[in-house]
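In what follows, a single structure is set out as structure tokens and then discussed.
The values are calculated or read from the model by the stated rules, or taken from the named source; none is laboratory data. Model, not experiment: these values are computed from the prediction. All Cβ positions, glycine included, derive from the backbone under ideal geometry; neighbour counts span all protein chains shown.
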Amino acid sequence: MKQLFIKVCGMRDAENIRSVVALDVDCLGFVFFTRSPRFVSETSENIETISNCCKNKAGVFVNESLDNILYKAMLFRLQFIQLHGNESPEICNELRQNGYFIIKSFSVASLKDFHHTEKYRYVCDYFLFDTKCTSYGGSGNRFDWSLLMAYQDTTPFVLSGGLSPDCVNDIKRLQHPQFAGIDLNSGFEVSPAMKDAGLLKNFINEIKK
């Protein structure tokens, strides 16, 4: 199995961040969507903790203005911008031209949902496939991964939606040329924005065996 890009999303607590930074992860995600229970505010403690984090950092945004995204990206020293709203390909391209890696999220419930990726083909570094739900952000549930076989584009994708310690073998069995990574969140939490570092460590060790 090729080496997967492993992202742990929805971080906020300083001590918890330090615990997860010590693990074999590639990127930490921070949510800047005010309606999320994992929302990160602009306190001096948050800015200092996140901006000085030694891992790659992704900021998660939903229908924010370009100026606000760029401001937060500079303030928190982000490397990745993850977009979960109705952002246009033009916005993605502009952010990419500013030097950020772009992850664009798509909600998946049926084969036709992969058609939405086509116009983003050349302006994103990764697509993120999550389970379709009524609100922005994840539902904590898995979609039918067999649908992924219908995805034939060349942009690598990160898998999200209901990933938990029980998914290890399913992830290892997933064969797709563009399967590039996993996004871990609520399935490894003791409460919103508080991750179980031990659970993550064991899971990551199993994935990387």
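In the set (1) over 17 Å from Val31 (Cα atoms); (2) at pLDDT below 95; (3) surrounded by 13 or more Cβ atoms within 10 Å (Cβ to Cβ), Pro156 fails one condition alone, (2). Applying a threshold of 9 Å to beta carbon distances and a minimum spacing of six or more residues, or different chains, the list of pairs starting in region 76-102 at a residue that is among the basic types (Lys, Arg) and ending at one that is in a helix (DSSP H, G or I) reads Arg77/Ile50; Arg77/Ser51.
Taking the numbered list (1) within 17 Å of Gly10 (Cβ to Cβ); (2) in a loop (DSSP other than H, G, I, E, B) in turn, Tyr122 passes all entries but (1).
Report whether or not Gly181 is surrounded by 18 or more Cβ atoms within 10 Å (Cβ to Cβ), touching a Ser or Thr at 6+ places or on another chain (Cβ under 6 Å) and among the small types (Gly, Ala, Ser). So Gly181 does not fit the description; no. Restricting attention to region 116-150 and to residues that are surrounded by 20 or more Cβ atoms within 10 Å (Cβ to Cβ) and at pLDDT below 95, the residue that is farthest from Lys104 (Cα to Cα) turns out to be Phe143. Within region 157-209, restricting attention to residues that are part of a loop (DSSP other than H, G, I, E, B) and of a type in the set (S, T, N, Q), the residue that is nearest to Lys132 (Cα to Cα) is Ser160.
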